[in-house]
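Asks: This structure is in C-alpha cells; I'll ask about it shortly.
The values are calculated or read from the model by the stated rules, or taken from the named source; none is laboratory data. Small disclaimer: the values here were computed from a predicted structure and weren't measured. Ideal geometry is used to build each Cβ from the backbone, glycine not excepted, and the neighbour counts take in all protein chains shown.
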Amino acid sequence: MPGSTDRVVAVIAFEGVQLLDVTGPAEVFGTANRFGARYDVRTVSPSGADVRTSSGVRIGVDGAAGDLPPRLNTVVVAGRSDWRQAVTDDDIVDCVAEVVRRSDRVTSVCAGAFLLAHVGVLDGRRAATHWRLADALAAAYPLVSVETDPLFVTDGHVTTSAGITAGIDLALSLVEDDHGPDLAREVARELVVFMARPAGQSQFSVRLTPKEARHPQLRRAMDTVVADPAAPHSLDTLARAVGVSPRHLSRLFRGETGMSPGQYLESARLEAARILLETGDEPVDAVASRSGFGSAETMRRAFHQTLGVAPTTYRARFRSTKPDR
C-alpha cells in the first residue's frame, strides 16, 4: 500500500493518447521503486474510464482526476497527434487544469504541451514539444517561447519534453532530481536505456538526415559523409563521388538542409565525437582524431561554438541528465 511519504505521480490519459507518452514515464517511476524510490503512480482519465490509445491498445486507469489526493508531487500530461481535438475537448481540458493546479511539478510529453499551453501554464515560459509540432505550438500559443531542438525544457516547476520516447528522458531527469544520478542510472540500465540523455541534447541526428533528403545525389553525398566522418572529405571529392558539379552539390545542400557541405561535414564529425564521448573513455585527443577533427583544439572550438561546452564537460554531463553536473 502507498505510504504517506510516497510521491504521488498522476499520468493523464485520454482517448487517442500516444501509448508511450503514458507508459514510458510510468515505467520509469515504477522501475525506480525497485531501487528504493517511493512513487505512487496513478493513471487517470477525464471520466475515470479506460481509454484506447493511438495504437489501439487499451489502457486501464485508476480513476478520474477527482479520485486523486488533494496535493500531488508530479503530473504528466500525455499528448495525442491530433492536438486540436484534445484542446477543444472540455472534459480533457478541465481534467488537465484541475490536476495541474494541485501539482508541485507539472510536465508534458510530446503534444501534451498544447494542453498545458491551452490552460495557461506555459504563458511566458520556455517549452519543448515534438519537432514536427513546434511551429504549430508557437503559432497557436504565441505567449509560449517554443524551443525546437532540446529533448526537454525546464522552466520553473514546469518541464515539457519532445516527442514520444523523450518522455522517458524527462522521467529519468525527475528521478535524478529526487534521488540523485546513481539511482537514475540504475533505472536507465534496467530499462536498457544506455544512459539518460541530457535535456539539451538535440532531437535531431545527422545520421537520420539523409533519409529526409529528396535528391538522390544529395543523399549519396550525405551517406558518404556519415559513413566515415573522419575521411578527408571536400566539396570537390564529394561532388565527383556522386557525379555532380561542386556548385550544384553546394546548392543541393543549402536548399535541402540549410547548411553548406562544410557545415554538414562538421555536424557529422561533431555527432561522431559526441557518440565517442558518451559511450567510451578515450582521451579527447583520440576522440578528435577518430571523429575527423584532427586536433583536440579544433574539436574544442566546434563544441564551444555549437554546444557551448568543452568536450570534457560534455562527457561529464552525459553521466547525468542535469546540465550543471
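Asks: What is the one condition in (1) crowded, with 24+ Cβ neighbours inside 10 Å; (2) at pLDDT 95 or above; (3) not charged (D, E, K, R) that A140 does not satisfy?
Replies: (1)
Asks: Can you give me the number of residues within the range 136-185 that are part of a helix (DSSP H, G or I) and either within 17 Å of the chain's Cα centre (by Cα) or not small (G, A, S) (or both)? Step through it out loud before you land on a result.
Replies: Initially, the range 136-185 is screened for residues part of a helix (DSSP H, G or I), giving 136-140, 166-179, 181-185.
With the extra rule that they be either within 17 Å of the chain's Cα centre (by Cα) or not small (G, A, S) (or both), the set shrinks to 137, 166-179, 181-185.
Qualifying residue count for the region: 20.
Asks: Just for the range 286-301: of the residues that are of a type outside the set (S, T, Y) and within 18 Å of D228 (Cα to Cα), which one is modelled with the lowest pLDDT?
Replies: Step one: filter the range 286-301 for residues of a type outside the set (S, T, Y), giving 286-288, 290, 292-294, 296-297, 299-301.
Checking which are within 18 Å of D228 (Cα to Cα) leaves us with 286-288, 290, 292-294, 299.
Working: A286: 94, V287: 94, A288: 95, R290: 93, G292: 94, F293: 94, G294: 90, M299: 94.
Among those residues, the one meeting the criterion is G294.
Asks: In this structure, does L252 turn out to be touching a His at 6+ places or on another chain (Cβ under 8 Å), aliphatic (A, V, I, L, M) and closer than 17 Å to A302 by Cα? Let's see the steps before the verdict.
Replies: Values: touching a His at 6+ places or on another chain (Cβ under 8 Å): yes; aliphatic (A, V, I, L, M): yes; closer than 17 Å to A302 by Cα: no.
Answer is no for this residue.
Asks: Given the residues L270, L307, which is the only one that is under 30 Å from D155 (Cβ atoms), surrounded by 15 or more Cβ atoms within 10 Å (Cβ to Cβ), in contact with a helix residue (DSSP H, G or I) (Cβ under 7 Å, 6 or more places away or on another chain) and at pLDDT 85 or above?
Replies: On the way: L307 fails: at pLDDT 85 or above.
Of the residues listed, the single one that is under 30 Å from D155 (Cβ atoms), surrounded by 15 or more Cβ atoms within 10 Å (Cβ to Cβ), in contact with a helix residue (DSSP H, G or I) (Cβ under 7 Å, 6 or more places away or on another chain) and at pLDDT 85 or above is L270.
Asks: In the range 141-176, how many residues are without any contact (Cβ under 8 Å) to a residue 40 or more places away in the chain and either small (G, A, S) or touching a Lys or Arg at 6+ places or on another chain (Cβ under 9 Å) (or both)?
Replies: The total comes to 7.
Asks: Same structure again: Could you list, in sequence order, the residues of the range 231-244 that are part of a loop (DSSP other than H, G, I, E, B) and surrounded by 16 or more Cβ atoms within 10 Å (Cβ to Cβ)?
Replies: H233, V244
Asks: Just checking, how many residues over the range 107-120 are crowded, with 24+ Cβ neighbours inside 10 Å, over 18 Å from G16 (Cα atoms) and out of contact with any Phe, Trp or Tyr (no Cβ under 8 Å at 6 or more places or on another chain)? Explain how you work it out, then say what you get.
Replies: Step one: filter the range 107-120 for residues crowded, with 24+ Cβ neighbours inside 10 Å, giving 107-117.
From what's left, over 18 Å from G16 (Cα atoms): 107, 117.
From the residues that got through so far, the ones that are out of contact with any Phe, Trp or Tyr (no Cβ under 8 Å at 6 or more places or on another chain) too are 107.
Qualifying residue count, the range 107-120: 1.
Asks: Go through the range 21-56 residue by residue and tally those that are among the acidic types (D, E), assigned to a helix (DSSP H, G or I) and more than 19 Å from G163 (Cβ to Cβ).
Replies: Of the range 21-56, the ones among the acidic types (D, E) are 21, 27, 40, 50.
Remaining after also requiring assigned to a helix (DSSP H, G or I): 21, 27.
Right, trim to more than 19 Å from G163 (Cβ to Cβ) and you get none.
The qualifying residues number 0.
Asks: A further question follows. Please specify each residue of the range 47-73 satisfying the condition of being modelled with pLDDT of 95 or more and in contact with a Pro (Cβ under 9 Å, 6 or more places away or on another chain).
Replies: A64
Asks: Residues of the range 57-94 being assigned to a helix (DSSP H, G or I), of a type outside the set (V, I, T) and under 20 Å from L20 (Cβ atoms), which ones?
Replies: Looking only at the range 57-94, we keep the residues that are assigned to a helix (DSSP H, G or I), and these are 65-67, 83-87, 90-94.
Narrowing the set further to residues that are of a type outside the set (V, I, T) leaves 65-67, 83-86, 90-91, 94.
If the condition is that a residue be assigned to a helix (DSSP H, G or I), of a type outside the set (V, I, T) and under 20 Å from L20 (Cβ atoms), then W83, Q85, A86 are the ones that fit.
Asks: Within the range 52-83, can you find the residues that are touching a residue at least 12 places away in the same chain (Cβ under 8 Å) and among the basic types (K, R)?
Replies: Passing the criteria: R52, R71, R80.
Asks: Here's something else I'd like to know. Look at S81 and say whether it is under 18 Å from A162 (Cα atoms), in the same structural domain as V175 (by TED's automatic domain parsing) and either within 21 Å of the chain's Cα centre (by Cα) or modelled with pLDDT under 95 (or both).
Replies: Values: under 18 Å from A162 (Cα atoms): yes; in the same structural domain as V175 (by TED's automatic domain parsing): yes; either within 21 Å of the chain's Cα centre (by Cα) or modelled with pLDDT under 95 (or both): yes.
Judged against the criteria, S81 is a match.
Asks: Kindly indicate whether any position in the range 291-303 is surrounded by 19 or more Cβ atoms within 10 Å (Cβ to Cβ) and charged (D, E, K, R).
Replies: No, because not a single residue in the range 291-303 is surrounded by 19 or more Cβ atoms within 10 Å (Cβ to Cβ) and charged (D, E, K, R).
Asks: Hey, another quick one. Is there any pair linking a residue in the range 117-128 that is under 12 Å from T107 (Cβ atoms) and assigned by TED's automatic domain parsing to the domain that holds V76 to one that is surrounded by fewer than 21 Cβ atoms within 10 Å (Cβ to Cβ) and hydrophobic (A, V, I, L, M, F, W, C), with Cβ under 9 Å and at least six apart or on different chains, and which?
Replies: V121/A97; V121/V158; L122/L143; L122/V158; A127/V158; A128/A134
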